[in-house]
Structure formats: C-alpha cells, structure tokens
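Chemist: Can you read through this structure? Questions will come right after.
Bear in mind these aren't lab numbers, they're just calculated from the coordinates by the rules spelled out. Here the structure is a predicted model, which means the values were calculated and not measured. Positions of Cβ are generated from backbone atoms using ideal geometry, with glycine treated the same way; all protein chains shown enter the neighbour counts.
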Amino acid sequence: MNINKIMVIGAGQMGAGIAQVCAVSGYDVLLYDANEEALDRGIKGIEKRLARDVTKGKISEDDKHASVLRIKKTASIDEAADCDLVIEAVVENMDVKTKIFSQLDQITPEQTILATNTSSLPITEIAAATKRPDKVIGMHFMNPVPVMKLVEVIRGLATSDEVFETIKQTAESLNKTAVEVNDFPGFVSNRVLMPMINEAIYTVYEGVAEPEAVDEVMKLGMNHPMGPLTLADFIGLDTCLYIMETLHEGFGDDKYRPCPLLRKYVKAGWLGKKAGRGFYSYTE
Ligand SMILES: CC(=O)CC(=O)SCCNC(=O)CCNC(=O)[C@H](O)C(C)(C)COP(=O)(O)OP(=O)(O)OC[C@H]1O[C@@H](n2cnc3c(N)ncnc32)[C@H](O)[C@@H]1OP(=O)(O)O
Ligand SMILES: NC(=O)C1=CN([C@@H]2O[C@H](COP(=O)(O)OP(=O)(O)OC[C@H]3O[C@@H](n4cnc5c(N)ncnc54)[C@H](OP(=O)(O)O)[C@@H]3O)[C@@H](O)[C@H]2O)C=CC1
C-alpha cells in the first residue's frame, strides 16, 4: 500500500509531534483538531521546534520551510476522505476513540488505514468500532516524538499482514524503529514503565521522600535521563492515570491500582507540564 497523505487527529503534544516527523519525512499532512486554538498552538510548536533544528544545523531553512508547507491544518474531520493513513492521537479514552474511529470508517475510502497512538487501550476493541478491523492498527509513538526512536506496532485480532507491513515501513520511513508487540493492556512500553512511575508516586504519597529526591535517586542511581516524577509531568498526569486505570481494569490485578495522589492531582487539574503544574511548577 502506498502512503502519501496522512491525517493526524488531535493537535496535542503527541499529535503535533507526529505531524512534524511525518512532514519532515516528506508526507503531506493534514493536522485535525476540532479546537482551532489547539490547532494553532500545535502548528506554532512545530514551527518553533523546526526553527531550533535550523539553528542547530540539523535541517536547512529550505527544508524547514518545505516541511511547514506540507502541513495543512483543518477543523473538519471530513477532510480525511482523501488520506491514505489516519493516525489518531486524542485523549486516552475508549469512548472518544471509538466514536472517532466509527466516524473515520464512514468518511474514508475502504483502503485507508486507521492507526491509533493509544498508550494502553485494546486495539481490537477500537477496531471493532469499524467495518474494517483488518485495516486498524496501533502505531504507538514515544514522547517527544521527534527524538524517540521507538514506534510500538500493535496488531488487533483482525489486522492484516499487509497493513502491518505498511505501518512498519512507514515507521521506518520516519527514521523510527518499529517493534511488534501483542495486544494486551499497556502493550510492553506502559506495562513496564507506568507501574514504575506509579510506585514513584506512592513513595511521595507515603512520605518516603520528596519528589526531587525520588527523581535524583532514579537519575543518578539508575541513569534514567529524567526522574519518574519529571517524566510523569512530561507525559501528562491525566494520561498516566488513564493508563494505570486501563492496566488495573484490564488485568484485574491490584498491583496496578493508581496511587490516590495521582488521582488527586488530576482532579485538581494538576496535569503536569502541559498545565503548568504537576509534581513541579512550570513557567514559560
Ligand atoms: C506514555 C507513553 O505512552 C509512552 C511514552 O512516550 S513514555 C515517555 C518516553 N520518553 C522518555 O522516557 C523521555 C525521557 N527523557 C529523555 O530521553 C530526555 O530527557 C529528553 C530527550 C526528553 C531531553 O533530553 P535532555 O538531554 O535532558 O535535554 P536536551 O539536551 O534539552 O535535549 C536533547 C535533545 O532532545 C531535543 N528535545 C528535547 N525535548 C524535545 C521536545 N519536546 N521536542 C523535540 N525535541 C526535543 C533537544 O532539542 C535536543 O536535541 P539535540 O540533541 O539535537 O540538541
Ligand atoms: N503524553 C505522552 O507521553 C504519550 C501519549 N500517548 C497517547 O497519545 C494520545 C494523546 O496524548 P497527548 O498528546 O499527550 O495528550 P494532550 O492532552 O496533549 O492532547 C489531547 C488531545 O485529545 C483531544 N481531546 C481531549 N478530549 C477530547 C474529547 N473529549 N474528544 C475529542 N478529542 C479530545 C485534545 O483536543 P483539544 O485540543 O481540542 O482539547 C487534544 O488534541 C493519548 O491516547 C495518549 O495516551 C502516546 C504516547 C506518549
């Protein structure tokens, strides 16, 4: 299958990053978000990061200009009608995702591949919201998308070999390494990472140490590039909570119970870096 035009759904931190790497690699990109302000913020972020890459000599001014021109923004999901691939990156919520996939199934031609960047939700269930489960697949990028090499590729029960190969090749064309994993809650990445982050939150909740100390232990002691609480703020505490809830519900095992402090912060709107407040405070 030939992929030329890609629609990215959701202009949040992941959607904007995915749109950026697709455009830099030469794809025509449509970035969709129902919220025009969010769309503008997404495009601005892309331009800022590309300008930084020019300053660092990683890309030329001409390449930056061409990449920006390859991204068109749209507030109409109907424009997915002439896309070969749609990559969905909206909030980690099954109802929201299945509603979007059911809409995309109506709008796009039957050969269009529908991929989700979900962090943890079952691909098979998302695929079941469409009449083309063979063309639905998990394409899980890591944050920050322009930097991280991995794309976890997850087949649903019905995903075809041809679709899997196309998505693997597309990920490689973005200069990423595709790793195939099976469809279980949290896949591999978040089944391993998120309980570590949740446990770090428990150490703060139980007064074992302050956030700074927890992060220092993991950075200096385990050579992690970011401490787990800084990383949680970076990912988004809402996303961390939704992933823990998916693990907890999906496996029915209490070892995945989300820390009450994580719930409290999310209820307070302390969603981490994107909200200006999480375990740490952020000012622009
Ligand atoms: C939740 C999920 O479902 C899955 C996930 O994504 S889990 C999260 C996975 N990601 C991680 O674990 C990230 C862990 N952190 C890191 O790897 C590093 O701290 C980091 C790459 C984010 C930053 O690295 P650093 O050395 O601390 O900072 P810094 O020197 O500023 O940045 C290193 C490079 O990354 C780039 N970078 C940093 N943040 C960036 C961003 N948000 N967007 C684009 N590029 C970015 C910088 O421009 C810099 O590029 P050069 O090497 O070309 O100069
Ligand atoms: N953060 C991370 O580190 C990673 C996240 N992911 C996954 O990527 C996806 C997006 O995460 P991320 O970019 O971090 O999140 P952000 O919070 O940055 O962006 C969320 C996006 O979801 C949209 N959205 C929120 N609520 C709704 C709704 N009710 N209906 C439709 N759209 C909605 C937002 O739209 P609007 O702007 O209009 O509000 C926005 O486009 C999630 O599935 C997450 O699990 C995957 C890998 C890493």
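Chemist: Could you tell me which residue out of HIS140, VAL86, LEU114 lies farthest along the dipole of region 75-175 toward its positive end? Charges go on the beta carbon: Lys and Arg +1, Asp and Glu -1, centred on the Cα centre.
Modeler: Farthest towards the positive end: HIS140.
Chemist: Let me ask something else about it. Taking N as the number of residues in region 55-120, what is its Cα Rg relative to 2.2 N^0.38 Å?
Modeler: Compactness ratio reported: 1.43.
Chemist: Expressed in nm², what is the orientationally averaged projection area of the convex hull enclosing the Cα positions of region 155-284?
Modeler: Average of the hull's projected areas for region 155-284 equals 9.9 nm².
Chemist: Using the scaling law 2.2 N^0.38 Å as the reference, what is the normalised Cα Rg of the chain?
Modeler: Taking N as the residue count of the chain, the ratio is 1.00.
Chemist: Ratio of Rg to Rh for region 1-100, alpha carbon only, Kirkwood? Present the calculation step by step, with values, prior to reporting the outcome.
Modeler: Working: Rg = 13.5 Å, Rh = 13.7 Å.
A ratio of 0.98.
Chemist: Rounded to the nearest 500, what is the chain's calculated 222 nm mean residue ellipticity when only DSSP H runs of at least 4 contribute -39500 (n - 2.57) each, over all residues?
Modeler: It lands at -15000 deg cm²/dmol.
Chemist: Fewest first, what order do LEU193, LEU220, LEU85 take by the number of other Cβ atoms within 10 Å?
Modeler: Values: LEU193 19, LEU220 10, LEU85 26.
If I rank by nearby Cβ atoms, fewest first, I get LEU220, LEU193, LEU85.
Chemist: Could you please rank CYS240, CYS22, placing first whichever residue has the fewest other Cβ atoms within 10 Å of its Cβ?
Modeler: The order, fewest Cβ neighbours first, is CYS22, CYS240.
Chemist: Sticking with this one: Anything over 26 Å Cα to Cα? Flag those among LYS99/LYS135; LYS131/LYS168; LYS99/LYS176; LYS99/LYS149, in the order listed. Walk me through the intermediate numbers first.
Modeler: Working: LYS99/LYS135 17 Å; LYS131/LYS168 23 Å; LYS99/LYS176 29 Å; LYS99/LYS149 30 Å.
Exceeds cut-off: LYS99/LYS176; LYS99/LYS149.
Chemist: Please give the direction-averaged projected area of the C-alpha convex hull for region 91-210, in square nanometres with one decimal. Don't skip to the end; give the middle numbers.
Modeler: On the way: hull surface 34.0 nm².
Quarter of the Cα hull surface area: 8.5 nm².
Chemist: Among ASN182, ASN93, ASN223, which one moves the most in a GNM of the chain with springs linking Cα atoms closer than 10 Å?
Modeler: Looking only at ASN182, ASN93, ASN223, the largest GNM fluctuation is found for ASN223.
Chemist: Okay, next question. Considering only the other residues whose Cβ falls under 12 Å of the Cβ of VAL181, what net charge follows from Lys and Arg at +1 and Asp and Glu at -1?
Modeler: Result for the neighbourhood of VAL181: -1.
Chemist: Using Cβ counts within 10 Å as a stand-in for footprinting exposure, how do ASP233, ASP62 rank, fewest first?
Modeler: Ordered by Cβ neighbours within 10 Å, fewest first: ASP62, ASP233.
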